[in-house]
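Asks: Quick one: the structure is below, questions incoming.
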Amino acid sequence: MKATIYKIMMFAVKAGLSVVYSFFKLFPVKKKITMLSRQSNKKTLDFRLIEDELFARDDGFKVIIMCRKIESGFSKKVVYFFHLLKSLYHIATSKVCIVDTYCIPVSLLKHKKDLIIIQIWHALGAVKKFGYQSLDKLDGRSSIVAKSMNMHKNYNYIFCASEATKRFYSEAFNVSEDKIIVNGMPRIDYILGNDSVLNTRIESLLSKYPVLGEKKNILYIPTYRKDFNFDFKAMADLIDKEKYNLLVKLHPLDKSDVDNNCALFFRSRTFELLHISDYVVTDYSAISFEASLLDKPVYFYVYDIKDYDRKRGLNIDLFKEMSKATYESFEDIMALIEKDEYDFEELKAFRRKYVQTSDTHNTKRIVDSIYEALGMKSVEKVVSVSKKVDI
């Protein structure tokens, strides 16, 4: 009964959006690229870097970036509804649409034949399963929802950072591998490059928290869980506070709070925190790929791995591929940190396999691919691009 009601509701939503979208499709297509995200209410780093590259080439593209999370509360739902209507107009009148997550109008609606839709998934890879890989699992999507919402449909191209990731994305997005291109992610350029914005933000972080420069920093970045109930005090009690700072950075969608007596808690500044950290501890998060780019000792604290694998599923056998850095006990991880023992060769092999595009030309490759898809010649021009620094 619930499934039937849901299907009727989704049919009504799709019908309503289709009517509005059909009207917007009457408008002419402009030389415009629209980027859409539900990961943040602010311009994402990857979108900003693509925008900068497009402006640097100075080929007359108008760039529209629309980022809005679906948040709880009636007023926020109303705000999102009008955001959705606005996005319909921009999708209908664009040559290219770029998304970094599941986007309702992109997947649900029927588009103009010449619209090019590109998925640049918001994670650098996929330690854990997602999308169609985890359908009907406890922490995955319902197959009824996936079918009703046309989940991850209509993509022309999907970009990733390695051949190894292609298979995961093919399964997760339910597409053939020939739609998946190893171009990398713009954020790799940011992490590896001498970016003035990055340097300014690191300086700001160290200025605001002087203690970060006084001790070694252990950064804990767990993956997102629907019901996250973690004992940070137990973790903090295993750390010598005379020698180490414990930094905690939760997923943007995680609303948990962390006791400041246990750790320094951050809502943002992920890549800046990576740079100032001496050790990175995660579980099934793609942050492990990003930390590997900086040769940071990465540890996998997988205290719930059997339960997590049952509820969602994993793409990577961490005990096999990162055997000397994967533990179910944080005490074991701290023992290795204290001994200053780490197998960097194992980490390098992990990086080579999952981040083949570990250079500073990722954004260029992505924009080159956009030009190629449009049948345009890629011409690079020396144009000054001013970057706004959000401190």
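Asks: Using amide H atoms built in the peptide plane, which far-off residues or other-chain residues are under 5 Å from Tyr299 H to H?
Replies: Under 5 Å from the amide H of Tyr299: Val280, Val281, Thr282.
Asks: Could you work out the relative contact order of the stretch 227-330, using alpha carbon pairs under 8 angstrom and six or more residues apart, expressed as a whole percent?
Replies: Reported relative contact order: 19 percent.
Asks: Tabulate in residue order the Karplus-calculated ³J(HN,Hα) for the stretch 311-319, using 6.51 cos²θ - 1.76 cosθ + 1.60 with θ = phi - 60°, rounded to whole Hz; enter x for Gly and Pro.
Replies: 7, 10, x, 10, 8, 10, 7, 5, 5
Asks: Among rounded, prolate and oblate, which fits the stretch 167-248 when a ≥ b ≥ c are the square roots of the eigenvalues of its C-alpha gyration tensor, a/c under 1.5 means rounded, and a/b larger than b/c means prolate?
Replies: Oblate is the answer for the stretch 167-248, as a/c is 1.5 or above yet b/c matches or exceeds a/b.
Asks: Which sequence of Leu26, Leu17 reflects their accessible areas, 1.4 Å probe, from the largest down?
Replies: Leu26, Leu17
Asks: Which ³J(HN,Hα) values, rounded to whole Hz and listed in residue order, are derived for the stretch 168-185 from phi using the Karplus coefficients 6.51, -1.76 and 1.60 in 6.51 cos²θ - 1.76 cosθ + 1.60 with θ = phi - 60°, glycine and proline given as x?
Replies: 4, 5, 4, 6, 5, 9, 6, 10, 6, 5, 6, 8, 9, 10, 7, 10, x, 10
Asks: Any chance you could get the radius of gyration and Dmax over the Cα atoms of the stretch 235-309, in Å?
Replies: For the stretch 235-309, the Cα radius of gyration and maximum Cα-Cα distance read 12.8, 36 Å.
Asks: Can you send over the carbon and sulfur percentage of the accessible area for the chain, probe radius 1.4 Å, protein chains only?
Replies: 52
Asks: Right, something else. Measuring from a point 7 Å past the Cα of Lys147 along Cα-to-C-beta, which residues in the stretch 5-42 have an amide N at less than 20 Å?
Replies: Residues 5-15 qualify, since their backbone N sits under 20 Å from the label point.
Asks: Per residue of the stretch 324-341, in order, report the coupling 6.51 cos²θ - 1.76 cosθ + 1.60 (Karplus, θ = phi - 60°) as ³J(HN,Hα) in whole Hz, putting x for Gly and Pro.
Replies: Result, rounded to whole Hz: 8, 9, 10, 9, 8, 10, 5, 4, 5, 5, 5, 5, 5, 4, 5, 7, 6, 10.
Asks: So what's the net charge close to Gln356: Lys and Arg +1, Asp and Glu -1, counting the other residues with Cβ under 11 Å from its Cβ?
Replies: Combined, the nearby Lys, Arg, Asp and Glu give +2.
Asks: Follow-up. For Asp307 and Lys86, what is the calculated FRET efficiency with R₀ set at 41 Å and r taken between the beta-carbons, to the nearest 0.05?
Replies: Computed FRET efficiency for Asp307 and Lys86: 0.50.
Asks: Here is a further query. Over the stretch 64-170, what is the relative contact order in whole percent, taking alpha-carbon pairs under 8 Å and six or more residues apart?
Replies: Computed value for the stretch 64-170: 25 percent relative contact order.
Asks: Using just the helices of the chain, give the 222 nm mean residue ellipticity in deg cm²/dmol: DSSP H runs with n ≥ 4 each add -39,500 (n - 2.57), and the total is spread over all residues, rounded to 500.
Replies: That calculation yields -12000 deg cm²/dmol at 222 nm.
Asks: Using a/c under 1.5 as the rounded threshold, could you call the stretch 1-41 rounded, prolate or oblate? The axes a ≥ b ≥ c are square roots of the C-alpha gyration tensor eigenvalues, and prolate needs a/b larger than b/c, oblate otherwise.
Replies: Values: a/c = 5.28, a/b = 1.63, b/c = 3.23.
Oblate, since a/c reaches 1.5 and b/c is not below a/b.
Asks: Quick one: how many lysine pairs does the stretch 175-246 have with C-alpha atoms less than 14 Å apart and a gap of 8 or more or different chains? Give me the count, please.
Replies: Lysine pairs meeting the criterion: 5.
Asks: Moving on to the next point. Filter Lys30/Lys364; Lys320/Lys348; Lys129/Lys306; Lys32/Lys113; Lys14/Lys112; Lys320/Lys353 down to the pairs with a C-alpha to C-alpha distance above 19 Å, please.
Replies: Lys30/Lys364
Asks: Of all alpha-carbon pairs in the stretch 7-68, indicate the percentage at a distance above 16 angstrom. Don't skip to the end; give the middle numbers.
Replies: On the way: 1175 of 1891 pairs.
Of the Cα pairs, 62 percent sit more than 16 Å apart.
Asks: Still on this structure: Of the peptides 116-123, 176-183, 38-45, how do they stack up when ordered by the mean number of other Cβ atoms within 10 Å, highest first? Mind dumping the intermediate values first?
Replies: Details: 116-123: 22.2, 176-183: 15.2, 38-45: 17.8.
Taking the mean over residues of other Cβ atoms within 10 Å, the ranking is 116-123, 38-45, 176-183.
Asks: Here's another thing I want to ask about it. Distance between the C-alpha centers of the stretch 102-122 and the stretch 330-369? Whole Å please.
Replies: If we compute the Cα centre of each part, the gap is 31 Å.
Asks: Write down the Kirkwood hydrodynamic radius of the stretch 57-180, to one decimal in angstroms, obtained as one divided by the mean of 1/r over all alpha carbon pairs.
Replies: Over the stretch 57-180, the inverse of the mean reciprocal pair distance is 15.9 Å.
Asks: Please work out the Cα center distance from the stretch 2-47 to the stretch 210-224, rounded to the nearest Å.
Replies: Answer, in whole Å: 39.
Asks: With a ≥ b ≥ c taken as the square roots of the eigenvalues of the C-alpha gyration tensor of the stretch 107-166, please select rounded if a/c is under 1.5 and otherwise prolate if a/b is larger than b/c or oblate if it is not?
Replies: Taking the square roots of the gyration eigenvalues as a ≥ b ≥ c, the stretch 107-166 is oblate.
Asks: What residues qualify as long-range amide H neighbours of Gln39, i.e. H under 5 Å apart, gap of 5 or more or another chain, H built at 1.01 Å from N?
Replies: When sequence neighbours closer than 5 places are left aside, the close amide H contacts are Arg68.
Asks: Determine which aspartates and glutamates satisfy two conditions relative to Lys77: a Cα distance under 15 Å, and not lying fewer than 8 residues away in the same chain.
Replies: Answer for Lys77, where 15 Å is the Cα cut-off: none of the aspartates and glutamates qualify.
Asks: Hey, another quick one. How large is the direction-averaged shadow of the alpha-carbon convex hull of the chain, in nm²?
Replies: Hull-based average projected area comes out at 20.1 nm².
Asks: Let me ask another. Please list, in chain and number order, the residues 5+ apart from Leu314 or on another chain whose amide H is under 5 Å from its amide H, with Hs placed from the backbone.
Replies: Result for Leu314 returns Lys129.
Asks: When ranked by the protection proxy of mean other Cβ atoms within 10 Å per residue, highest first, what sequence do the peptides 163-170, 347-354 form?
Replies: Top to bottom by mean Cβ count within 10 Å: 163-170, 347-354.
Asks: Using a 1.4 Å probe and counting only protein heavy atoms, arrange His275, His152, His83, His361 so the residue with the most accessible area comes first.
Replies: From most exposed to least exposed: His361, His275, His83, His152.
Asks: Right, here's the next one. Please work out the average accessible area per residue across the chain, using the 1.4 Å probe convention, and give it in Å².
Replies: Counting only protein heavy atoms, the per-residue value for the chain is 48 Å².
The values are calculated or read from the model by the stated rules, or taken from the named source; none is laboratory data. Nothing here was measured: the structure is a model prediction, and the numbers come from that model. Virtual Cβ from ideal backbone geometry, glycine too; neighbours counted across all protein chains shown. Surface accessibility is based on the protein's heavy atoms, side chains included, excluding ligands, DNA and RNA. Shrake-Rupley method; radii C 1.70, N 1.55, O 1.52, S 1.80 Å.
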